[in-house]
Amino acid sequence: MKISKQQAMGILRKTGILWALLILIIILSSVSPVFLTVRNFINIFRQASITSILAIGMTFVLLTGGIDLSVGSVTALAGVFAAYVGIADKGLPLAVCYVVAIGTGLICGLINGFGVAYIGFPAFIMTLGMMGIARGMAQVFTGGSPIFGVSDAFADIAGGVTFGIPNLVYYMLAIFVVAYIMLTKTLPGRRIYAIGGNSEAARLSGVNVKRYLVYVYGICGALAGLCGILMASRITSGNPIAATNYEMDAISAAVIGGVSMTGGSGSLLGTIVGAFILIVIQNGFDILGISPFYKQIVQGAIILFAVFIDLRSKKSK
């Protein structure tokens, strides 16, 4: 069976991100014997887990043509709240910590969604404002100092290992599976894609666009809240400056993975692969002793290239 040139290009576009990750792994393995070790790969998965969860939430928003610049700050705010109720001396159950963290993120996300959908704020402005509010609240609540003294059970949420695999990886896989089913196997998922493709056409076909915008920003905020408790657990403290610039990592992972900045196209699998590409680059730089500042340059260049490819693809269509 012969494959046409057009079919071959289509296959390459769909699998190109996986080939990019594989080539990156091969290059780093050839220049450093430390890279291709079980210990290092476990470390990569641990580092990629929080970024991946944030990027999954960001994917929901980007698919509608929006953006959320507040996820890093919301993660920090949820983390300090979770650490505060997770202090060992309080003796509160872990369920309270989860509710506080995820609830904090959900509230911030719903406010973002309401501002964008019903008040009419541009997503960039609304979430930029929330970024400042959430980060400022975290600083005020803690007085600018980390909250220490969390219980051992709290620290084990993300710091523990089960069957040799970090707990963070299980959280990432669980969130991915649930989110994948929501986007690909349910009516709300199809409507999210439809809104990003053409919001007016979706509205005319009976989709409550405003409600779905609140819905996706709420999901993004809730996942940022979950990342808050995971990060606080990992560093065993609630740090008001945690997750700085994580919003850029989340956006980068999604865009590198093929999610369109203009909405309507992209996949969660691509988002996850994009997150791993970012972490593998960072990990490789650390191993090779390259300044982390170069990571920002490479990340910015990759984003521009990914958006350029997306725009060219849409023009050709």
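Every number in this text was worked out from the coordinates using simple rules, so none of it is lab data. On a predicted model such as this, the values are computed, not experimentally measured, just so you know. Neighbour counts run over all protein chains shown; Cβ positions are idealised from the backbone, glycine included.
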Kirkwood hydrodynamic radius, computed over distinct alpha-carbon pairs, for the chain: how many Å, to one decimal? 20.1 Å
Nearest-0.05 FRET efficiency for Ile290 and Ala201 at R0 = 45 Å, using Cβ-Cβ distance, is 0.45
Cross-chain or 8 or more residues apart, Cα under 30 Å: how many lysine pairs in the chain fit that? Count them up, please. 21
Once amide hydrogens are built 1.01 Å from N within the peptide plane, the residues lying 5 or more places from Gly160 or on another chain with amide H under 5 Å from its amide H are Asn167
Residues whose modelled amide H sits under 5 Å from the amide H of Ile147, counting only those 5 or more places away in sequence or on another chain, are Gly238, Asn239
For the range 147-278, average projected area of the Cα convex hull in nm²: 9.3 nm²
Span-rule helices in the chain, defined as complete DSSP H runs reaching 20 Å or more along the axis (Cα) with Kyte mean at least 0.0: 5-31, 38-63, 71-85, 94-114, 123-142, 167-185, 209-234, 268-288, 293-316
Rounded Å value of the spacing that divides the Cα centres of the range 148-189 and the range 282-306: 26 Å
